[in-house]
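Structure record follows, encoded as structure tokens.
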Amino acid sequence: MVLDPGHNGGNAADPGTINAPVPDGAGGTKPCNTTGTSTDAGYPEHAFTWDVANRVADLLHDQGVQVVFTRADDTGVGPCVDVRGELGARVGAAAFVGIHGDGAAPGGRGFHVITSSLDPGGAEVAAATQALAVDLRDSLTAVEPVSDYLGTDGLDSRGDLAGLNLNTVPAVYVECGNMRNAADAALMSSEAGRQALAQQLAAGVLAFLGR
Ligand SMILES: [Zn+2]
């Protein structure tokens, strides 16, 4: 499994690196990486994604699943989204899960799971990607409602995300909640909330892997 904790703690201090254009997997370019969002109280998305990814990895390790991260810590810069997106194929991963928190209008609540509309791995990988998205969606509903502002039944498909467009293994991004929404921010800012999200993410992955 590749786990991709979105963004990085050093990104804000190095705009030259993170704003450099990289291939977006759709014929164009986009910035290497971004700083991400935060809660209104200032809890940053990069810290949230790093914490949750480590919790998910611990739970998967307990079940004998090998996990590779796209970044080594929460104090570095990048890596760029194209490098992240290509890691799954490079290490021969069964699947790739990117972990994010959204920064939408405060009235919107809930999580959604994003897949690439470009089907970069072909039809078979696209079907597996859809199954991964559904497994994660079905699992996450135990702790968080599906998004009421984006997607359909907690699922969304986009063509603008390099980390998914360049991924030839089953790959999704999970927007675990809207960090600008008070109820979601409360869940995402608490250790118990992050553990609960991690448990459901790990359960969704295990369901996908058939374990
Ligand atoms: Zn993000």
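The values are calculated or read from the model by the stated rules, or taken from the named source; none is laboratory data. Treat the numbers as computed from the prediction; the structure is a model and nothing was measured. Cβ coordinates were reconstructed from backbone atoms using ideal geometry, including for glycine residues, and neighbour counts include every protein chain displayed. Ligands, DNA and RNA are stripped out before the accessible areas are found, and what is left, the full protein with its side chains, is counted by its heavy atoms. Shrake-Rupley method; radii C 1.70, N 1.55, O 1.52, S 1.80 Å.
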Problem set entry | Selection within segment 145-199 - within 16 Å of the ligand (Cβ to nearest atom), out of contact with any Gly (no Cβ under 6 Å at 6 or more places or on another chain) and among the acidic types (Asp, Glu) | 156, 160, 175
For this session: Could you grab me the full set of residues in segment 52-73 that are more than 15 Å from the chain's Cα centre (by Cα) and charged (D, E, K, R)?
Result: 58, 62, 73
Seminar exercise, completed: Of the residues in segment 161-211, those that are open to solvent by 10 Å² or more (accessible area, probe 1.4 Å), charged (D, E, K, R) and not in a loop (DSSP other than H, G, I, E, B) number 3
Exercise. Can residue 207 be described as modelled with pLDDT of 95 or more and more than 18 Å from residue 95 (Cα to Cα)?
Worked result: no
For this session: Answer yes if at least one residue in segment 1-9 is free of Cβ contacts under 8 Å to residues at least 40 places away in the same chain and of a type in the set (S, T, N, Q), and no otherwise.
Result: no
Problem set entry | Enumeration of residues in segment 113-124 that are of a type in the set (A, V, I, L, M) and open to solvent by 30 Å² or more (accessible area, probe 1.4 Å) | 118, 123
Problem set entry | Top-ranked residue of segment 131-160 - restricted to ones that are in a helix (DSSP H, G or I) and in contact with a helix residue (DSSP H, G or I) (Cβ under 6 Å, 6 or more places away or on another chain), ranked as most open to solvent (accessible area, probe 1.4 Å) | 135
Problem set entry | Cβ pairs under 7 Å, 6+ apart, first in segment 85-97 and under 18 Å from residue 25 (Cα atoms) and at pLDDT below 95, second open to solvent by 20 Å² or more (accessible area, probe 1.4 Å) and of a type in the set (Val, Ile, Thr) | none
Exercise. Counting residues that are open to solvent by 20 Å² or more (accessible area, probe 1.4 Å), within 16 Å of the ligand (Cβ to nearest atom) and not acidic (Asp, Glu), which strands (runs of 3 or more DSSP E) fully inside segment 1-112 reach at least 2?
Worked result: 29-31
